[in-house]
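This report refers to the structure that appears directly beneath it.
The values are calculated or read from the model by the stated rules, or taken from the named source; none is laboratory data. Fair warning: this is a prediction, and the values are worked out from it, not measured in the lab. We place every Cβ from the backbone using ideal geometry, glycine too, and count neighbours over all the protein chains shown.
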Amino acid sequence: MSFLFPQYFWLLLLLFLIMLWRRKSKESDIVNQAKQKLILIYIALFMIIIALSRPVLNEGVVKQEYEGSEIVIALDLSYSMQAKDIKPNRLEASKEMIKRLISARVHDRFALLGFTSNAIILSPLSSDAELLSHQLDLISSETIITKGTNMASVLDLSIKLSEVKQKNLIIVGDGADKQDFSKEIAFAKDNGLSISMVIMATSAGARLKDKHGKWLKDSSGHLVITAKNNKVKKLCLASGGVFVD
């Protein structure tokens, strides 16, 4: 045991001097009942001084069982997430969906990743829903200019964030445009990674505008239309995850 404010122990000296002075006075004239009250006052003063010194137990290792799961959520931050086939756009709708998921699963810990051509950590594992929600609010559509996506970087970073044997990854996005996920499937199986996907796009898709407000076109001059990629469903099922359309 230690004390946060040991300087208050100087008051014990003052208390001792008061008791000594009272003993030398004509205490014989005090009736027994008054003596008993005086003793109680001394004890109370002693306890107050001890309380002021703030006794604390020294720090030790506290073991606490944790019943929830560890889940990594990866949010697609590529330019196609600005499409408005889901209102107000794919990115904002995805952020709100993730907030609801985190709030509903109060016993789980979540880590947040953002990814385009590379994956970055938005938040390490945490059960603080308010903190995670704040991190999502910091993401702005206006700052996203990258048009590519790289799911391999997401898988690699997600296994480094979670220390449990069976790792859970939820990817929220439009599925990118990759058609062959064989390498990602092999990686997930080798590392015990269960991948689920929440598709935040429609089959019809939507056109995209550039920063000047003009419709994006490909090298052939055709309008760029971005739609959901159902090919990613194979990755989810092969890794033991679920595919949510």
Does region 96-104 contain at least one residue that is β-branched (Val, Ile, Thr) and surrounded by fewer than 19 Cβ atoms within 10 Å (Cβ to Cβ)? no
_Against the condition in the same structural domain as residue 104 (by TED's automatic domain parsing), modelled with pLDDT of 90 or more, out of contact with any Leu (no Cβ under 8 Å at 6 or more places or on another chain) and exposed (fewer than 15 other Cβ atoms within 10 Å of the Cβ), how does residue 204 come out, does it pass?_
yes
Restricted to region 115-145 and to residues being part of a loop (DSSP other than H, G, I, E, B), farther than 18 Å from residue 99 by Cβ and of a type in the set (A, V, I, L, M), the residue modelled with the lowest pLDDT is 145
Checked pairs for region 104-128, first among the aromatic types (Phe, Trp, Tyr), second part of a loop (DSSP other than H, G, I, E, B), C-beta under 9 Å and 6 or more apart or across chains, list as 110/127; 115/77; 115/78; 115/149; 115/150
In region 165-182, anything more than 16 Å from residue 229 (Cβ to Cβ) and surrounded by fewer than 12 Cβ atoms within 10 Å (Cβ to Cβ) is listed as 165, 166
Output for Cβ contacts, cut-off 7 Å, separation at least six or different chains, first residue assigned by TED's automatic domain parsing to the domain that holds residue 76 in region 155-167, second surrounded by 17 or more Cβ atoms within 10 Å (Cβ to Cβ) and of a type in the set (D, E, K, R), reads 155/184; 158/167; 159/167; 162/70; 164/70
Residues of region 192-202 being within 30 Å of residue 221 (Cα to Cα) and either touching a Ser or Thr at 6+ places or on another chain (Cβ under 8 Å) or assigned to a strand (DSSP E or B) (or both), in sequence order, are 199, 200, 201
Quick count over region 203-241, residues being part of a loop (DSSP other than H, G, I, E, B) and touching a helix residue (DSSP H, G or I) at 6+ places or on another chain (Cβ under 6 Å), is 1
Taking region 65-112 and keeping residues more than 11 Å from the chain's Cα centre (by Cα) and assigned to a strand (DSSP E or B) leaves 74, 75, 76
Taking region 170-191 and keeping residues more than 18 Å from residue 95 (Cβ to Cβ), in contact with a Ser or Thr (Cβ under 6 Å, 6 or more places away or on another chain) and not in a loop (DSSP other than H, G, I, E, B) leaves 188
